[in-house]
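Everything below concerns the one structure shown next.
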Number of protein chains: 2
Amino acid sequence: MLKEERFQIILDQLGHEQKVYLGHLSTLLNVSEDTVRRDIKELADQGLLKSVRGGAVPHSPGPHHFRDRIKYDNDQKQIIAKKALQFLKDGQVVIFDGGTSAMLIAQMLPKDLKLTVITNSFPIVSILEEHEHVEVLFAGGRLLKDSFVTIGNDAIQFFKKFRADICLLGICSIHADLGVTGPDFEESEVKRTMIESSKEVIALATTEKLGTAEAYYVCRTERLSVIVTDKESDNEEFDIYRKLGISLV
Amino acid sequence: MLKEERFQIILDQLGHEQKVYLGHLSTLLNVSEDTVRRDIKELADQGLLKSVRGGAVPHSPGPHHFRDRIKYDNDQKQIIAKKALQFLKDGQVVIFDGGTSAMLIAQMLPKDLKLTVITNSFPIVSILEEHEHVEVLFAGGRLLKDSFVTIGNDAIQFFKKFRADICLLGICSIHADLGVTGPDFEESEVKRTMIESSKEVIALATTEKLGTAEAYYVCRTERLSVIVTDKESDNEEFDIYRKLGISLV
DNA sequence: TTTAATATTGCAAAATATTGCACAATACAT
DNA sequence: ATGTATTGTGCAATATTTTGCAATATTAAA
């Protein structure tokens, strides 16, 4: 097997997963772990991935300090992202929220999927840049430097112009009675508009966020069409949301 | 068998497969591995495939990452960027155009300079992210993937909202009579609006762009306050612009 | 801390590349 | 045709790269 073939396979893996393990690759490629390590090092030097202890993670071309916020060793969001992918179909218009969950979905997006993506997140743009069949519409506004999205009235007015098929909404807190809430006023304002401009809202939430609430209101729980979590959907603690007509995945 | 026949067969193989092996080709073409190696080398020189140890893989054009492209243009534009810095003062509102020249200025910007930057360029945002004292206002719109800016009506309407002190304008062509012109209609539209929204326009132009013209009109030459070039300003070919009241740097 | 997992380094064997060269095939001029 | 230059080919000697292994160092976790 050519070295280039191994490179290709490793990079392919990172297109789908958010991490690859030395041991796994070693058996998959039929070479020693040392060789895999050296391959990874070489790819890392080319900036095509990031070498980490025990394996490798994708090199996100986005702003550096944003990348650090992603916890790669935490599989929860990756599970969520993978589950959420099933809802995206060719030709849809999709609003991507600025959180890390939506970002992971963008990273896993098949390269041949044809979408129109509307977003206010810079990292998402830098990921989708490589997707030939994705048209990107970006919401202007004031740059919020710590989360790398635009906010403010301009962003809000931008989203109001659309009627998207789906909104992928990263969730801070969901409470059956109190609805969806977030910790930042302006971001919550923008999220509210994203939701208003979409037919269906798919909430991306790790289970520990269920049943909690924060200061700023985003939307009623019933507005969500689907809640994608990292746990099995037959969990009994989800029943309360099912009663509201929301499907859980 | 003709050498050209072998070339054709090798390239055909790479059309179907993602790789070819020396050994395989050697038996297939009935020549020694050395010859195959030489064939591959020749094809690689023509850029038709990529030679790798043990065989060859299709030549991937590779996504020309916008940020990388900067390294090539450097020499002249760096001079320009350095000269242009003198015009930026604390507290100003500055529109940054999407070209590489403006990008270099952003990269050289002192970290303690206090500015409000308005732009439609993603690379500029990712540079200025690290500048604590720079507030960034970003123009939304449709993403133009090859130059990494937003364009379209949304971008135009965004710029119309401001009255900036300075517009840093990357120039495609300047002609004393025909004015400033560019090769892309939509980008030129946006540039026009940037100019309308600024008190002063500082043009960033390598000298070979002076005296040339392209298809799409941007603005009259007299609208420029300053032209920053890579040559000494006492050059006689600049006189024609001085007569129009433009300072050359 | 101790312990287990992972990384790094040096090294030798195997695979592959490069080089120089002899010779064959072809082209090209006379 | 004939000789000559040019190019293409295979072979062998040599150089380089790749790879796996083992010894050692480093890191993360208990």
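Distances longer than 29 Å among the Cα atoms of chain A: what percent of all pairs is that? When every Cα pair of chain A is considered, 32 percent fall beyond 29 Å. Distances between placed amide hydrogens fall under 5 Å for residue B:173 paired with B:181, all partners being 5 or more residues away or on another chain.
What does DSSP give for segment B:130-249 in terms of the percent of beta bridges that are antiparallel, rounded to the nearest 5?
45
Distance between the modelled labels on residue B:11 and residue A:234, one decimal in nanometres: 5.8 nm (7 Å Cα→Cβ projection).
Reducing segment A:101-139 and segment B:227-242 to their Cα centroids gives an inter-centroid distance of 44 Å.
When DSSP beta bridges are limited to those with both residues in the protein assembly as shown, what percentage is antiparallel, rounded to the nearest 5? Looking only at bridges with both residues in the protein assembly as shown, the antiparallel portion is about 45 percent.
Our summary gives segment B:3-58 a relative contact order of 38 percent, counting only alpha carbon pairs under 8 angstrom and 6 or more residues apart.
For residue B:134, nonlocal amide neighbours, meaning residues 5 or more places apart or on other chains whose placed amide H falls under 5 Å from its own, are B:115. 3J(HN,Hα) couplings calculated from phi for segment A:206-212 with the Karplus curve 6.51 cos²θ - 1.76 cosθ + 1.60 (θ = phi - 60°) are, in sequence order, 6, 4, 5, 8, 6, x, 10 Hz; Gly and Pro show x. Summing Lys and Arg as +1 and Asp and Glu as -1 over all other residues whose Cβ lies under 13 Å from the Cβ of residue A:221 gives a net charge of +3. Remark: the Cα gyration tensor places the protein assembly as shown in the oblate category, a/c being 1.5 or greater and a/b not exceeding b/c.
Run the reach check for residue B:199 against lysines, Cα to Cα strictly under 26 Å, same-chain hits fewer than 8 apart removed. What comes back? Excluding near neighbours in sequence, the set is B:77, B:82, B:83, B:89, B:111, B:114, B:160, B:161, B:191, B:209, B:231, B:243. In terms of the Cα gyration tensor, with a ≥ b ≥ c the square roots of its eigenvalues, is segment B:3-58 rounded because a/c is under 1.5, prolate because a/b exceeds b/c, or oblate? Cα axes put segment B:3-58 in the rounded bin. Shape verdict for segment B:141-187, please, from the Cα gyration tensor: rounded (a/c under 1.5), prolate (a/b greater than b/c) or oblate. Oblate, since a/c reaches 1.5 and b/c is not below a/b.
Segment B:148-189 and segment A:1-60 have Cα centres spaced 43 Å apart. Between the Cα long axis of helix B:66-84 and the first principal axis of chain B there is an angle of about 30°, rounded to the nearest 10. Of all DSSP bridge pairs formed entirely within chain B, close to 40 percent run antiparallel.
For chain A, what is the calculated [θ] at 222 nm in deg cm²/dmol (nearest 500), taking -39500 (n - 2.57) for each run of four or more DSSP H residues and dividing by its residue count?
Result for chain A: -9500 deg cm²/dmol, rounded to the nearest 500.
In the assembly of identical copies, residue B:161 has its label point, taken 7 Å from Cα in the direction of the beta carbon, separated from the corresponding points by 1.2 nm (ascending, one decimal). Taking Cβ atoms as reference points and 12 Å as the exclusive limit, the residues near residue B:165 contribute a net charge of +1, counting Lys and Arg as +1 and Asp and Glu as -1. Would you tally the net charge around residue A:141, using a Cβ to Cβ cut-off of less than 12 Å, leaving residue A:141 out, and scoring K and R as +1, D and E as -1? It works out to a net charge of -4. Counting only other chain Cβ atoms within 10 Å of each residue's Cβ, the peptide B:143-152 averages 3. Sequentially through segment B:130-136, phi angles give Karplus couplings (6.51, -1.76, 1.60; θ = phi - 60°) of 7, 8, 4, 9, 9, 8, 10 Hz, Gly and Pro residues having no value and appearing as x. Entry note, chain B: relative contact order of 14 percent, from Cα contacts under 8 Å with a spacing of 6+ residues. 3J(HN,Hα) couplings calculated from phi for segment A:16-24 with the Karplus curve 6.51 cos²θ - 1.76 cosθ + 1.60 (θ = phi - 60°) are, in sequence order, 9, 9, 8, 7, 10, 9, 4, x, 4 Hz; Gly and Pro show x. Residues whose amide H comes within less than 5 Å of that of residue A:230, counting only those at least five positions distant or on another chain, are A:207 (H built at 1.01 Å from N in the peptide plane).
Values in this text are rule-based calculations from the coordinates and carry no lab data. If you're wondering where the values come from, they're calculated on a predicted model, not measured in any experiment. Cβ: placed from backbone, ideal geometry, glycine included. Neighbour counts: every protein chain shown.
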